[in-house]
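Reading through the structure tokens given below for one structure.
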Amino acid sequence: MGTVARETLRRVSAPDHVEIQQLVTAAYEDRSRLEQDQYADAVRTTLALLDSGRVRVAEPRRGEDSDGRVWTVHAWVKQAILLYFGLCKLETHVVGPFEYLDKIPLKRDWAEAGVRVVPPATARFGAHIEAGAVLMPSYVNIGARVGAGTMVDTWATVGSCAQVGRDVHLSGGVGIGGVLEPPNASPVIIEDGCFLGSRAIVVEGVHLESEVVLGANVVITASTPIIDVTGTEPVERRGRVPARSVVIPGTRTKRFPAGEFAVPCALIIGQRKASTDRRTSLNSALRDFSVAV
């Protein structure tokens, strides 16, 4: 975080968030207001707050509903991100041997943040990475949040506004999709302790509850059938995977005018056992179910 951003945060107290929110919302409704310093400053302050972790795009509320933890999306924060793109100009950013041409600067001061970053991992300003996380050569986009103890492995991507919890492992090539628009849309949420196998893809606001295990190559979109096959009858859901579920790729037959074809789905084949802690490998978590991945 730069010197200007630090000075901005020193002047911002919690009650000021209400005023900042009002200014951002007004600017989003009429973007000509960004020509006035107070509105532009509110947008920049919001991004500095995001970057420092003092605000976030979405956060869990106390209590649970029938589907688990309830999350609140802060649409005004996503509005600020969209407005920030309009305030920034393309600039050349030089980081060591690397040169970039972008509107958004890269995060810096990793030692101060307590985050291990392996070249050429990059994270944009406006993303928040908690101390103790590890970024292998990977990418974290603006508005995203990555929790302490989480490993973002090689060539994994964390899309804009995605919320990745603590002690999560995103294996090589995992794709976590970004959700910026509409501002009130839920981002992808990966709760604490999840393990995502190599090349797994989670997009379109899908929510993985705590300690879910996804096998390699599992793809879950908002419309992907997530079928629990652990009982005598299949139970189908979409958009949300229950806590501690073990999930593998699957297919099911669907009839089309040209005939019957296998279409992809995700299969819940069991529950992670208490003996399978958050550090256990994917293969160990699946061994109980005799699944080779």
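The values are calculated or read from the model by the stated rules, or taken from the named source; none is laboratory data. Quick caveat, the model's predicted, so the values are computed rather than measured. So basically every Cβ, Gly included, is an ideal-geometry build from the backbone, and we count neighbours across all protein chains shown.
Residue pairs whose Cβ atoms lie under 6 Å apart, separated by 6 or more positions or on different chains, with the first residue in segment 258-286 and modelled with pLDDT under 75 and the second hydrophobic (A, V, I, L, M, F, W, C) and crowded, with 20+ Cβ neighbours inside 10 Å, are Thr276/Ala285; Leu282/Phe195; Ala285/Val213. For segment 127-155, the set of residues classified as aromatic (Phe, Trp, Tyr) and part of a loop (DSSP other than H, G, I, E, B) consists of Trp155 only. Does Pro120 satisfy being surrounded by fewer than 20 Cβ atoms within 10 Å (Cβ to Cβ), part of a loop (DSSP other than H, G, I, E, B) and in contact with a strand residue (DSSP E or B) (Cβ under 8 Å, 6 or more places away or on another chain)? Yes; evaluated as a whole, the condition is true for this residue.
Looking across segment 213-234, the residues that are under 19 Å from the mean Cα position of the chain (by Cα), without any contact (Cβ under 8 Å) to a residue 60 or more places away in the chain and crowded, with 19+ Cβ neighbours inside 10 Å come down to Leu214, Val218, Ile220, Thr224. For segment 135-184, the set of residues classified as modelled with pLDDT under 95 and among the hydrophobic types (A, V, I, L, M, F, W, C) consists of Leu180 only.
The C-beta contact set for segment 122-149 (first residue farther than 17 Å from Leu50 by Cβ, second residue among the polar types (S, T, N, Q) and not in a strand (DSSP E or B), distance under 7 angstrom, 6+ apart or interchain) comprises Met136/Thr154; Pro137/Thr154; Ser138/Thr154. Among the numbered conditions (1) in a loop (DSSP other than H, G, I, E, B); (2) closer than 23 Å to Pro242 by Cβ, tell me where Arg108 comes up short. Of the numbered conditions (1) in a loop (DSSP other than H, G, I, E, B); (2) closer than 23 Å to Pro242 by Cβ, the odd one out for Arg108 is (2).
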